[in-house]
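The values are calculated or read from the model by the stated rules, or taken from the named source; none is laboratory data. Not measured: the values here are computed from a predicted model. Don't worry about glycine lacking a Cβ; one is built from the backbone with ideal geometry, like all the others, and counts go over all protein chains shown. Side chains are part of the model used for accessible areas, which takes the heavy atoms of the whole protein and leaves out ligands, DNA and RNA. Shrake-Rupley method; radii C 1.70, N 1.55, O 1.52, S 1.80 Å.
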Amino acid sequence: MPSARRTARQSDLLRRLVALVAAEGFASFTLDDLAERLRCSKTTLYQLAGSKQELVREAVKYYFRAATEAVEKQVADTSAPAERVVVYLNAVSEQLRPLSRRFLDDMAEFAPAREVYEANTRHASARVRQLITEGVAAGAFRDVHAAFVGEVVAATMQEIQRGGVTANTGLSDADAYAELASLIVHAVSS
């Protein structure tokens, strides 16, 4: 159901669902569990989506849509090219911070949710590439190949998403994004 057609109660329910699954994951929950935890009926949940799988996908989409809006708002409030890259990746980091490892693992195992995360990762890497290109054009960054930097960012983001960075470094996804911001800005700065 598109958000424009949701009632205030449905929007509140979706926000509460997002908070629940972000904190505790979703694979172990049944619809009965979710209805009990959210203090609503299964019928009410079915008004948001037709199945648990669709409900999870809708919750993940909702989370990342809100996260993208929050990130872009912070970038819009920043004008210096280097700061825009740092602000962007640090804002991504902050948006990932509330997501539990359980949620991230569940998302990695559930294709419809993983697809939403992967699409957001592709968008984020394209956005970084755009910010780098703008910084090069403004003379704030040395003349780097922005598409290559974007590919490095995309590969790193994908490895963060898969849990490889956490496994190899112990960094949380959010901390890995903060480190990526520092690395990229220092690599492209004059």
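Is it the case that some residue within region 51-61 is open to solvent by 20 Å² or more (accessible area, probe 1.4 Å), touching a residue at least 40 places away in the same chain (Cβ under 8 Å) and within 30 Å of Ile184 (Cα to Cα)?
Yes, region 51-61 contains at least one residue that is open to solvent by 20 Å² or more (accessible area, probe 1.4 Å), touching a residue at least 40 places away in the same chain (Cβ under 8 Å) and within 30 Å of Ile184 (Cα to Cα).
Restricting to region 149-166, and then to whatever is polar (S, T, N, Q) and open to solvent by less than 50 Å² (accessible area, probe 1.4 Å), can you tell me which residue is modelled with the lowest pLDDT? It would help to see each step written out before you state the result.
In the first step, residues of region 149-166 are kept if they are polar (S, T, N, Q); the result is 156, 158, 161, 166.
Now drop any that are not open to solvent by less than 50 Å² (accessible area, probe 1.4 Å), which leaves 156, 161, 166.
Working: Thr156: 92, Gln161: 76, Thr166: 90.
If we take residues in region 149-166 being polar (S, T, N, Q) and open to solvent by less than 50 Å² (accessible area, probe 1.4 Å), then Gln161 is modelled with the lowest pLDDT.
Hey, any hits in region 28-43 for a residue that's of a type in the set (Lys, Arg), open to solvent by 60 Å² or more (accessible area, probe 1.4 Å) and not in a helix (DSSP H, G or I)?
Looking for residues that are of a type in the set (Lys, Arg), open to solvent by 60 Å² or more (accessible area, probe 1.4 Å) and not in a helix (DSSP H, G or I), one finds at least one in region 28-43, hence yes.
Okay, residues lined up against (1) closer than 17 Å to Ile184 by Cβ; (2) at pLDDT 90 or above; (3) within 14 Å of the chain's Cα centre (by Cα); (4) outside any helix (DSSP H, G or I):
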| position | (1), (2), (3), (4) |
| --- | --- |
| Phe103 | no, yes, yes, no |
| Asp106 | no, yes, no, no |
| Ala113 | no, yes, yes, no |
| Val116 | no, yes, yes, no |
| Thr121 | yes, no, yes, no |
| Ala124 | yes, no, yes, no |
| Gln130 | yes, yes, no, no |
| Gly135 | yes, yes, no, no |
| Ala147 | yes, no, no, no |
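Any residue at all in region 74-83 that's more than 23 Å from Arg114 (Cβ to Cβ), β-branched (Val, Ile, Thr), assigned to a loop (DSSP other than H, G, I, E, B) and over 16 Å from the mean Cα position of the chain (by Cα)?
Here is the first cut: in region 74-83, the ones more than 23 Å from Arg114 (Cβ to Cβ) are 74-83.
Filter again for β-branched (Val, Ile, Thr), leaving 75, 78.
From the residues that got through so far, the ones that are assigned to a loop (DSSP other than H, G, I, E, B) too are 78.
Pick out the ones that are also over 16 Å from the mean Cα position of the chain (by Cα) and you get 78.
Within region 74-83, one or more residues are more than 23 Å from Arg114 (Cβ to Cβ), β-branched (Val, Ile, Thr), assigned to a loop (DSSP other than H, G, I, E, B) and over 16 Å from the mean Cα position of the chain (by Cα).
Any residue at all in region 167-188 that's open to solvent by 10 Å² or more (accessible area, probe 1.4 Å), farther than 26 Å from Arg114 by Cα and in contact (Cβ under 8 Å) with a residue 60 or more places away in the chain?
Yes: region 167-188 contains one or more residues that are open to solvent by 10 Å² or more (accessible area, probe 1.4 Å), farther than 26 Å from Arg114 by Cα and in contact (Cβ under 8 Å) with a residue 60 or more places away in the chain.
Which of the following residues is over 21 Å from Leu17 (Cβ atoms), touching a Ser or Thr at 6+ places or on another chain (Cβ under 9 Å) and open to solvent by 30 Å² or more (accessible area, probe 1.4 Å): His145, His123?
Unique residue meeting the criteria: His123.
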